Every structure is written in structure tokens, then in C-alpha cells.
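Nothing in this text is a laboratory measurement; each read-out follows from the coordinates by a stated rule. Small disclaimer: the values here were computed from a predicted structure and weren't measured. Neighbour counts run over all protein chains shown; Cβ positions are idealised from the backbone, glycine included.
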Amino acid sequence: MGNAANLQKIKQPKDLYFCGSMLSFVGFSYYGMKLVLLLFLAEQPTKGGLGLTSSEATIIMASLMAWSYLSPIVGGWISDRFLGPKKCVAIGLLITSIGYLVGFFITSKLMVYIMILLCVIGPGFYKGNLQTLIGNLYANDDPRKDGAFSIAYTFTNIGVFFGPLLCGLVANEWFAQKNGAEMLVYGYKYVFLVSAIVTFIGFIVFLLGQNKFCNENNNSSKENSKDSLEYKNQIASKPLSKKERQRMMVIITLAFFTIFFWMAYNQASMSIALYTQEHINSSIGNFVVPTSWIDSYNGLLCVILGPIMAAIWLRLSKTKRGDLSIPLKMSLGFIFLAGGFLFMIGSVMQSGYGDTTVQKASLLWLVGFLTLQGIGEMCFAPVGYGMVNKLAPEKYSSLLMGVWFASTFFANKLSGYVQLIIDKMGILQVFILIPSFLVIIGILLIILNRKLEEMAN
């Protein structure tokens, strides 16, 4: 009986895997179409694109990436005060699928903006609220909670892996028009149709399974459902305690540090992607690895690392010392990401970037960077979601999850300026500066760890 009870405590609930599957649906659709949208906007109309300039296409993409992380603040507020997380997730999935469908019919810049608007509003409803639903499956002191968010992050990365992989084939092979090896017309628009269909399937699956699987922790002492209006009014009228205000400050402080992590992380799809296109030998035999598959490798790596990281956190929680604190886990994320940039420094030095004679660097440098970047991501991102769910006062739980996403908004906006700095200073200098800055922040988090832990606990 004792062993059975212990097994029950360790085993994750089925509800987690249902919520995680929703993350796979949205991850597939978003990451599958993200880079394709950029290429579609910049490609000539005769080849299946819209014919915008590169700068116009980049600005539109930056808006999509940034605003889709700010909109969860509004979605969190609507969830906390009116609809609850379940209804918000369903609404968000439906709106997003309509947005992708608009992409299939795009013929003008106006339709692009309509698509972007819908694809910003939709994630605003489901992003933070899906994380809230996952957190609600556990009591705050449940040692499985950090591991659960790592597993959920793995589900996201299943979509991240398969989305770019398959959508790249849709655009370049299955729905493209070719004359031998010559590309005549890309099948970009069909990628938007695929994303719309996959997201709509996720919407239907969620509607059918939400009442069976998205249930709160059975040991919760709350007598009222979090979705009931009476309970929401009761919580909303309750003033915050001193401890709750301190915990909010911990969330806001760590959200600030998050901006710098994602600024550096995003270079994989910005400055590093541009560098890879020109200065890394991506050939494996006769096959040239598409630069866009960077996202797929990252997704695959996170799928592999997710269960491993969950097991590590759970094992640490059972030791005498206990699990690492959230600030320490985040500091590890900064340090691993900094280590990844050392590989890019080696790549730049091998390629002789900036010299008159340039040789292409080995693909292994990029693989090394992406591997350490993925480890850093798995230390950093999942525990952040768990931290917000643990520490946020109940009346602001979804709103503060939105604040956490908002930090990524600022990171996405600022990431584009790194390329301007590279153009002025040189890529080697910037690739040295970035990891130096990341290590400093990692050390600062270690120094602040004790104070933040006191405020949180």
C-alpha cells in the first residue's frame, strides 16, 4: 500500500497530457507557419509571394512575434474576472484558426494585417490560460509541479519540431510548382491552410475533452469552482496580504531578467540564422540543410530533454538539500546559453568573417550552439511558468502569467536591434559581448537567490 501511495504521488495525472496535447497543436501551427510567413511576404507574386520589401516583411513578423506575447495580459484579465481559463482557451483556438485561414486567401497587405490581428488576439486568450490550467492540476507544494511544466514544454516542442519540418515540405515540395530542380511557384499559402486545420482540430479536441481532463487538484481546499462568478467576486474583493505582494514582486523581478534571456535566445532566428545562411557549410553529402530547420532541431532537442529535466528536478526534490530554487534554475539557463555563444565565436573565427578570404565554417559549430541553447531553455522556460503559477495571488494568477509573457514581448521587440549593433561593431565583437552579459546576469541571479527565496517563501 505504501509503495502504491508513493507511486501515485510521483505519477503525473492524465489531465497534464491532455493539456500538453493542446500545446502541441498550437506549437505545430505557429512555428510551422512563422518563417513561411516571412518568406511569403518577401517573395515575388509570380513565385507565390506577396511582393513586399524585406524590411516590410521583417517589421510585420516582429509585430506578430511581439504582440502575441503581450496579448495574454488582456486574456489573463478576462479569464480572471469573467470567463475562466477553459472558455478562454477554446475562444483563443477558434480565433487563431480563423486567422490562419485568412492567410490562405491573402491578396493584399490589408489582409495580412487582418491575419496578424487575429493571430495576436487568439494566443492572448489561450497562451497564459493553458499554463494556468496545467498549474491548477497540482497543489502548490506538490513536488511534481516543476516537472509537469517541463513535460508540458516538451509537448510544445513536439509541435515545434514537426511544424517547420512538415510545413517546409508543404511549401517547397508537396504544393510547390517546379520545373525539374527549378522552383516556379512556392506553396506558401497552403502552409496557412494546414495551420488553420491543425488549430481547428485542437479546438474540437479541447471542446470534447475539457470537462473530463482539465480538472483542478482533488486535494484543493476550495469549495467553489474557479470558473464560478460567485467565487471570482469573492476572490476579487479580498485584499492582498504582505506576503502576496512580495511574491508579486518576485514574479515581476524575474520577468525583467527574462527579457535579456530571450533577447539573446532569439538571435538563433535572427542574426545567427543570417550568419548561417552565408557563412556555415550546411551540406550533408548532396543535401543542403535548410536554415529554417533550426526550429525543428531545437524542438527535437527539447522533446528529448523535457522528461530528463523533469526527472532531475523530481529527484533533487527528494534529496536532503531539496530542489534547486527557481532563480538558480534560471541562472543555469543564462549560463548554458552563454556557453552556446562560445561555439558561435569559434565558428566566426574559423570562417574568417570580415576578412577578404572567407571559408565556410563547420555545421558542428551551429549544432553545438543549438544544443547548449536548448539545455538552457529547458532550465529556464518551464520553471518560469511553474513559478508564476505557484507564487501568483489567486485573484491575479492569469494576469501575472500574462505579465510573464509580456517580458517576451519586449525581448522580441529588442532582439531585432542586435543586428544593427552587429553591423556597426562586427559579429565577433557582439558574439563575445552577448555571453559576457549573460554570465553577469546569471551570477546576479545567484547573488539575489536568497533574498528572492525569502520573499517567495
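Observations, loosely collected:
- Centroid-to-centroid separation of the stretch 380-455 and the stretch 294-324 [C-alpha atoms, Å]: 19
- Residues 183, 115, 455, sorted so that the one with the fewest Cβ neighbours within 10 Å comes first: 183, 455, 115
- Note on 69, 190, 396: ascending count of other Cβ atoms within 10 Å places them as 190, 396, 69, the fewest first.
- Dipole of the chain [Lys/Arg +1, Asp/Glu -1 at C-beta], most positive-end residue of 347, 84, 285: 84
- When +1 charges are put on Lys and Arg Cβ atoms and -1 charges on Asp and Glu Cβ atoms, the dipole computed for the chain relative to its Cα centre reaches about 1220 debye.
- Taking trypsin sites (Lys or Arg not before Pro) as exposed when their DSSP state is a loop state and no more than 16 other Cβ atoms lie within 10 Å, the longest site-free interval of the chain runs over 12-221.
- Environment charge at residue 195 (Cβ cut-off 13 Å; Lys +1, Arg +1, Asp -1, Glu -1): +2
- Pairs beyond 26 Å (Cα-Cα), from 320/395; 320/451; 87/212; 87/318; 212/318: 320/395; 87/318; 212/318
- Cβ-based charge dipole, the chain, positive-most Cα from 310, 369, 272: 310
- Signed unit charges on C-beta, dipole axis of the chain, positive-most listed residue 208, 143, 72: 143
- The relative contact order of the chain comes to 25 percent, based on Cα pairs under 8 Å that sit 6 or more residues apart.
- Sorting 326, 252 by the number of Cβ atoms found within 10 Å of their own Cβ, with the fewest placed first, yields 252, 326.
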